[in-house]
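These notes are about the structure you will find just below.
A short reminder: the numbers here are calculations on the coordinates, not readings from a lab. Keep in mind the model is a prediction, meaning the values are calculated, not measured. Counting neighbours? That spans all protein chains shown, and the Cβs are built from the backbone with ideal geometry, glycine included.
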């Protein structure tokens with residue numbers, strides 16, 4: 001998983017140097033030729049090394065993904081998490097690979113192409129970050145438990161009045177950050193404490209790798225109602241995403257419910 005995520009990262013970093021074609025799947029939802037090329041590369045190479053694993057990928061058609069989702073072991077693939085950042089020429093995008101056995105993530109890789117940093121976790125073995133020079137560190141969430149002293153990583157491109165209400169209710173300070181996977185990394189390494197995204201908020205491939213990383217770093221990731229993600233039924237995160245250092249999680253759930261009010 002690490003090797004393939006890094007190889008995909010090289011493809012993305014090279015493409016970042018040139019102009020690429022952009023299409024739109026929906027409002028604020030761009031897709032580029034790079035997304036599709038990396039998606040095809042990862043699916044092809046993962047099928048070679050693990051043909052028994054169901055591959056559920058962002059740029060694969062939904063019917064194929066739903067069939068793959070029925071296999072006992074799944075790999076959730078986001079070939080370019082943060083396409084809006086890529087299009088806007090901000091280097092805050094990642095490659096996400098999340099391995100799910102049964103209904104829980106057991107391994108996750110988050111690779112940052114432009115900094116050549118790789119973050120990974122294996123269930124029961126911890127979460128780690130590998131710098132560009134190859135040095136490795138164990139990841140651990142912060143111990144901040146006072147909301148007013150905590151930091152929330154917030155979107156630059158997908159904000160909403162509901163999110164602003166929830167953040168205000170919780171009372172945290174805000175730090176802009178790019179892709180979903182990068183927000184999870186910032187919490188896992190202790191640089192931030194909360195990430196709130198009221199639903200609907202992305203897809204299962206946006207959370208599978210990140211959930212494993214956060215869990216192994218001592219954090220927590222659920223939907224916006226505090227429930228575990230179901231990787232076996234459906235692909236959309238209709239109830240939102242909530243990630244934290246664990247200490248602020250229940251208060252964040254309550255704040256997100258406040259954000260649902262008219």
Between residue 173 and residue 36, what is the label-to-label distance in nm when each label sits 7 Å out along the Cα-to-Cβ direction? 4.4
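Where a ≥ b ≥ c are the square roots of the eigenvalues of the C-alpha gyration tensor, would you call the stretch 147-259 rounded, which needs a/c under 1.5, or, failing that, prolate if a/b is larger than b/c, or oblate? Numbers along the way, then the final one.
Details: a/c = 1.42, a/b = 1.17, b/c = 1.22.
Since a/c stays below 1.5, the shape of the stretch 147-259 is classed as rounded.
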Using a 7 Å offset from the Cα along the Cα-to-Cβ direction at both residue 66 and residue 16, what is the distance between the two label points in nm, to one decimal? 3.6
From DSSP H assignment alone, runs of 4+ in the chain each adding -39500 (n - 2.57), the sum over residues rounded to the nearest 500 puts [θ] at 222 nm at -9500 deg cm²/dmol
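Test of understanding: what is the full-extension gain from residue 131 to residue 250, defined as 0.36 nm times their sequence separation minus their Cα-Cα distance? All intermediate terms of the calculation are to be shown ahead of the outcome.
Values: separation 119, 0.36 × 119 = 42.84 nm, distance 3.25 nm.
My answer for the length gained is 39.6 nm.
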State the antiparallel share, in %, of DSSP beta bridges confined to the chain, rounding to the nearest 5. 80
Which label in [x] 1, 6, 12, 15, 17, 16, 13, 8, 5, 3, 2, 1, 0, 0; [y] 1, 6, 11, 15, 14, 12, 10, 8, 6, 5, 4, 3, 2, 1, 1, 0, 0, 0; [z] 1, 7, 14, 19, 20, 18, 13, 6, 2, 0, 0 gives the computed P(r) over Cα pairs in 5 Å bins from 0, in percent: [z]
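Can you sort 135, 210 from fewest to most other Cβ atoms within 10 Å of each residue's own Cβ?
Details: 135 8, 210 34.
Lowest count first: 135, 210.
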Classify the stretch 2-138: rounded, prolate or oblate, from the alpha-carbon gyration tensor (a ≥ b ≥ c, eigenvalue square roots; a/c under 1.5 rounded; otherwise prolate if a/b is larger than b/c)? oblate
Of the peptides 32-43, 77-88, 178-189, how do they stack up when ordered by the mean number of other Cβ atoms within 10 Å, highest first? 178-189, 77-88, 32-43
Relative to the present Cα-Cα distance, how much length would full extension add between residue 103 and residue 45 at 0.36 nm per residue of separation? 18.5 nm
If each part is reduced to its alpha-carbon centroid, the stretch 198-262 and the stretch 74-109 end up apart, in Å, by 15
Hey, with R₀ at 25 Å, roughly what FRET efficiency would residue 29 and residue 232 work out to, going by the Cβ-Cβ distance, to 0.05? 0.50
Degrees between helix 249-259 axis and first principal axis of the chain (Cα, 0 to 90, nearest 10): 80
For the chain, find the longest principal axis of its Cα atoms and tell me its angle to the long axis of helix 161-170, 0 to 90°, nearest 10. 50
